[in-house]
Amino acid sequence: MHERGGSTAPLDLSLIVACYNEEPHLEESVRRVLEVLDVTRWNYEIIFVEDCSKDHTRDVIERILKQYPERNFRAIFHTANTGRGRAVSDGFRAAQGRVVGFIDIDLEVAQCYIIPCVLSLQQGADVATGEREYKVHLSLLHRHVLSRGYHWLIRAAFGFTLGDTESGYKFFLREKVLPVLDEVEDKGWFWDTEIMVRCYLKGYVLRRIPCLFVRRSDKKSTVRVVHDTYEYFLKLWRFRTTVKRLRGEGAP
């Protein structure tokens, strides 16, 4: 793992951009994110975590760093693919902001929702997540069904629900999330569920921010309905033992 750039100044926000094969839209998305962040009074940094992409994402990040030399941008380059959870965690651990968060940089959930998420933390929440609302469309039906079904599985497995745990739009108070990172075991996509469940069990104040999800027509979906549903079901069921232990209920 290699890191470039950095500053030691105190910051309001550290935004983590975990990147894997983001070449086609990365530069434009960063420009749109900056348009939002620059209208705030926050001191912020952006940390790119490049997870050994198969395209030219690393070259694009290098170009962005040169294009904005005056910005508080940093980059972490993985030498092997680690998974989304590990990529975000590496960014969080390198962050210096009071608030740390990440968004999916394809911006299928728009950059404007960063502001209400961060404001929720400034107003007393410990965790703020984007709760995706799907515009009614046949091409998004499978995502809606999977999302609702996953909510049901969480309730069935743990006895509570946390809404859209898999949303790639999460913000935390840094001092609260760092101890949780040391406990999370999954390094891939289940990381999202695990960190939200652990935050809930610690009694953290969670806020859900409704966000419109707009599917990009120029991006191929990575959702594999049968395979992903089966894999998530297995991981949820195995995680039940950990959850029962954390709740003091003993082994199943």
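The values are calculated or read from the model by the stated rules, or taken from the named source; none is laboratory data. These figures come from a predicted structure and were not determined experimentally. Cβ coordinates were reconstructed from backbone atoms using ideal geometry, including for glycine residues, and neighbour counts include every protein chain displayed.
Here the condition is being touching a residue at least 60 places away in the same chain (Cβ under 8 Å) and of a type outside the set (A, V, I, L, M); of R198, R174, it holds for R174 alone. Candidates in region 51-109 are the residues that are more than 22 Å from R216 (Cβ to Cβ), touching a Leu at 6+ places or on another chain (Cβ under 7 Å) and of a type in the set (G, A, S); of these, the one that is surrounded by the fewest Cβ atoms within 10 Å (Cβ to Cβ) is A75.
Of the residues making up region 1-23, those that are modelled with pLDDT of 95 or more and either out of contact with any Leu (no Cβ under 9 Å at 6 or more places or on another chain) or hydroxyl-bearing (S, T, Y) (or both) number 9. Taking each residue of region 110-129 that is without any contact (Cβ under 8 Å) to a residue 40 or more places away in the chain and looking for partners that are surrounded by fewer than 21 Cβ atoms within 10 Å (Cβ to Cβ) and polar (S, T, N, Q) with beta-carbon atoms closer than 8 Å, six or more apart or interchain, yields nothing.
Okay, residues lined up against (1) over 21 Å from C199 (Cβ atoms); (2) modelled with pLDDT of 90 or more; (3) β-branched (V, I, T):
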| position | (1), (2), (3) |
| --- | --- |
| T129 | no, yes, yes |
| Y134 | yes, no, no |
| L141 | yes, no, no |
| L146 | yes, no, no |
| H151 | no, no, no |
| I154 | no, no, yes |
| G159 | no, no, no |
| Y169 | no, yes, no |
| G188 | no, yes, no |
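Which one is modelled with the highest pLDDT, of the residues in region 202-228 that are hydroxyl-bearing (S, T, Y) and within 20 Å of the chain's Cα centre (by Cα)? First the steps, then the outcome.
Just the residues of region 202-228 that are hydroxyl-bearing (S, T, Y), to begin with: 204, 217, 221-222.
If we keep only those that are within 20 Å of the chain's Cα centre (by Cα) too, we end up with 204, 221-222.
Working: Y204: 98, S221: 57, T222: 55.
Among them, the one singled out is Y204.
If you take the residues of region 181-221 that are in a strand (DSSP E or B) and out of contact with any helix residue (DSSP H, G or I) (no Cβ under 7 Å at 6 or more places or on another chain), which of them is surrounded by the most Cβ atoms within 10 Å (Cβ to Cβ)?
The first filter runs over region 181-221 and keeps only residues in a strand (DSSP E or B), leaving 206-213.
Applying the additional criterion that residues be out of contact with any helix residue (DSSP H, G or I) (no Cβ under 7 Å at 6 or more places or on another chain) yields 208, 210, 212-213.
On the way: R208: 17, P210: 12, L212: 14, F213: 20.
It comes out as F213.
Note on region 239-252: among residues that are surrounded by fewer than 13 Cβ atoms within 10 Å (Cβ to Cβ) and of a type in the set (K, R), the one that is modelled with the lowest pLDDT is R247. Considering region 110-135, and only residues there that are within 16 Å of the chain's Cα centre (by Cα) and hydroxyl-bearing (S, T, Y), the residue that is surrounded by the fewest Cβ atoms within 10 Å (Cβ to Cβ) turns out to be Y113. Restricted to helices (runs of 4 or more DSSP H) entirely inside region 1-108, those with at least 1 residues that are in contact with a Lys or Arg (Cβ under 9 Å, 6 or more places away or on another chain), touching a residue at least 24 places away in the same chain (Cβ under 8 Å) and of a type in the set (S, T, N, Q) are 84-94.
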